[in-house]
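Report on the structure given below.
The values are calculated or read from the model by the stated rules, or taken from the named source; none is laboratory data. Nothing here was measured: the structure is a model prediction, and the numbers come from that model. Positions of Cβ are backbone-derived with ideal geometry, glycine not excepted, and every protein chain shown enters the neighbour counts. Just so you know, the surface numbers come from the protein's heavy atoms only, side chains and all, with ligands and any DNA or RNA stripped out. Shrake-Rupley method; radii C 1.70, N 1.55, O 1.52, S 1.80 Å.
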Amino acid sequence: MSIEEIIEFVRGLGGVLVLQPGQDDGSPEIAWGDAFFYYAPDGAVPKATQPFATVVTKDYPGDEESRLDRPGAFRVNIAAGKDAFARWTAQGPGDPSAADVLQAHPVYADAGWLAVVNPGPATGEAMRELLRTAHGQARRRYERRSALRRP
């Protein structure tokens, strides 16, 4: 799967704001080329929440184990939640740089994040299922917060 295919899939889930930082928008250079997915049906970046998924195209400081410095390498990161995280990481840690393997995020595993470097045939369907789940969780959080703000 390409980055563009992943972005289009997530956009199709509904109510998704996709941020793709670039040189001309004032965002930090380290984020250029990446994608951040928020549930934000109003089109505004949520102030008090993290994205429910991201696509990163390079190593970040302290997050080099996936070896995204290789040509064409990228990683999809998904806030899977505790249940999905436990189900998908039952066999223990693997090689964070392995392509097309769904596994614990090398840095944010404790927060229930899963990751896959260069998703392909072995992980495509599971990744889409997890993205749907993360989107649904983000939507429910958004709806709860919206209900709390209503008079």
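Among the trypsin sites (Lys or Arg not before Pro) in segment 35-86, which ones are in a DSSP loop with at most 12 other Cβ atoms within 10 Å of the Cβ? Mind listing them?
K47
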Before anything else, pin down the relative contact order of the chain: Cα pairs under 8 Å, at least 6 apart, normalised by residue count, whole percent.
-> 20 percent
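If you stretched the chain out fully between A86 and Y108, how much longer would it get, using 0.36 nm times the residue separation minus the C-alpha to C-alpha distance? It would help to have the intermediate numbers written out before the result.
Numbers: separation 22, 0.36 × 22 = 7.92 nm, distance 1.37 nm.
That pair, A86 and Y108, stretches by 6.5 nm at full extension.
Need one number: the % of Cα-Cα pairs in segment 14-101 sitting beyond the 23 Å mark.
Working: 1276 of 3828 pairs.
In whole percent, the long-distance tail amounts to 33.
Counting each DSSP H run of 4 or more residues in the chain as -39500 (n - 2.57), what helix-only mean residue ellipticity at 222 nm follows after dividing by all residues, to the nearest 500 deg cm²/dmol?
Numbers: 3 runs with 42 residues, N = 151.
Using -39500 (n - 2.57) per qualifying helix, the result is -9000 deg cm²/dmol.
Per residue, how big is the convex hull of segment 82-148 when only Cα atoms are used? Give it in Å³. Display every interim value, and only then the final one.
Details: hull volume 6.0 nm³, N = 67.
Output value, Cα hull per residue: 90 Å³.
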Please figure out what share of the DSSP beta bridges in the chain is antiparallel and state it in percent, rounded to the nearest 5.
-> 95 percent
Rounded to whole Å, sorted largest first: equivalent-ellipsoid semi-axes of the chain, Cα gyration tensor | 24, 19, 14
Distance from the Cα centre of segment 104-151 to that of segment 40-61, in angstrom?
-> 11 Å
Under 12 Å from a label point 7 Å along Cα→Cβ of A48: give me every residue in segment 116-151 with its amide N that close.
-> 142, 144-150
The size of the Cβ-based charge dipole (Lys, Arg +1; Asp, Glu -1) of segment 1-142 about the Cα centre, to the nearest 20 debye, is 620 debye
In whole percent, how big is the carbon plus sulfur part of the accessible area of segment 21-151, probe 1.4 Å, protein atoms only?
-> 53 percent
